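For reference, the structure is listed below as structure tokens.
Here, each number is a calculation from the coordinates, and none is a lab measurement. Predicted model only: the values in this text are computed from it and were never measured. Please note: Cβ atoms are built from the backbone with ideal geometry, for glycine as well, and neighbour counts cover all protein chains shown.
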Amino acid sequence: MKITVLDDDHGVVCNLAALSVLEGLPVTLQVHSKRIADETGLIAALRGSACAILVRERTRITVRTLDAVPELKLIVVIGHRASQIDVDACRRRGIEVQIARGNPVVASELTWTLILAASRRLVPFTAQRPGDHGCQRSPAPGDVRLGRTLHGRTLGVWALGRVGARVAAIGQAFGMQVLIHGGEQSRRAARAAGYRFIGNRRAFLGAVDVLSLHLPPRRETLHLIGESDLAAMRADALLVNTSHPELLAPGALLAALGRGRPGAAALDVHEDEPATVAAYRGHPAILFPPQSERVNADHYEASFREAFGHVRLFIEAQLQDRKRPLINLASLLPVSH
């Protein structure tokens, strides 16, 4: 069976230890390290593939693609959502769609990297060379804000899932008061962990110094947070989003920062990437490094180990003649483009 990996833009898949998950299966592996921009090229790349692995949501899988590759029976997405795939069309054709989310440690550590860097204002301060007039000041005109410590301040975690729980625990270790908001599952998890749960959204947003978003990508969370919600935050509050850009209504964050509430944001994701990158990266109140959660060796290993696990389960279920010769994966030479 042919397995096709799309959008390996960092060229790491062929060297992953996670490939051992496929050991002993009758498979060939084809890895594309450059994005295939046109649908005709995508169809050609997928032709003959029983399984496709997509890195994040860069490549769209449409009805036309599915119809042109009838042998495709499994799609695995590296990430947290499958919004680029016509899931209903897959279901009608009997195509299985799976998500490989990877290790929550990666996302939680990134969240805290952003919280610490933004709170201590490391980026604007390090832009100043030692000895410069105004060292330890932002290069932005009129910006005299200093960094601040986190001990004694309030961390708000919206959704206490597997990532949010780690973020909350680290905040508590820093000596922060931890507040939780979200649905019934978050309420129960907060009670079990001993955190205070605030059900009223505006009361929660107004009480926190640092807000960390960890909501899942669902229909009911699409554009859940609007300008009026952000206006309820404190003028010196920090919003951190390493989850999903669609949690925020389009343009809401930029508009809210322009009005001064919240005072700052730190992001690993944003709406309409890459079209609006400049507006975020050039904003003096936003810390927005290049997406770094997935550009991480441990993230790749964990995510592809999970993805290849889905592939293995699928292929083993498909194999009816258990006596057919198996090919040792180590003897195969993946084709990179």
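The P(r) of the stretch 1-73 has a tail past 15 Å containing 54 percent of all C-alpha pairs. Remark: the GLU301-ARG219 segment gains 26.6 nm on full extension, using 0.36 nm per residue and subtracting the alpha carbon distance.
Once you have a ≥ b ≥ c as the square roots of the Cα gyration tensor eigenvalues for the stretch 177-249, tell me rounded if a/c is under 1.5, and otherwise prolate or oblate according to whether a/b is larger than b/c. Here the stretch 177-249 falls in the oblate category. The peptide list 174-184, 218-228, put in order of mean Cβ contacts within 10 Å with the highest first, becomes 174-184, 218-228.
Computed extension gain for LEU319 through ARG191, at 0.36 nm per residue and net of the alpha carbon distance, reaches 41.5 nm. The charge dipole of the stretch 185-269, taken about the Cα centre with unit charges on the Cβ atoms of Lys, Arg (+1) and Asp, Glu (-1), comes to about 440 debye, rounded to the nearest 20.
Here, the stretch 149-287 is characterised by an Rg to Rh ratio of 0.95, where Rg is the alpha-carbon radius of gyration and Rh the Kirkwood radius. Once the Cβ-Cβ distance of GLU71 and VAL12 is raised to the sixth power relative to R0 = 22 Å, the FRET efficiency obtained is 0.25. Highest mean packing comes first when the peptides 2-8, 44-50 are listed by Cβ atoms within 10 Å, giving 2-8, 44-50. Highest-first packing order for the peptide set 233-246, 54-67 is 233-246, 54-67, based on the mean count of other beta carbon atoms within 10 Å.
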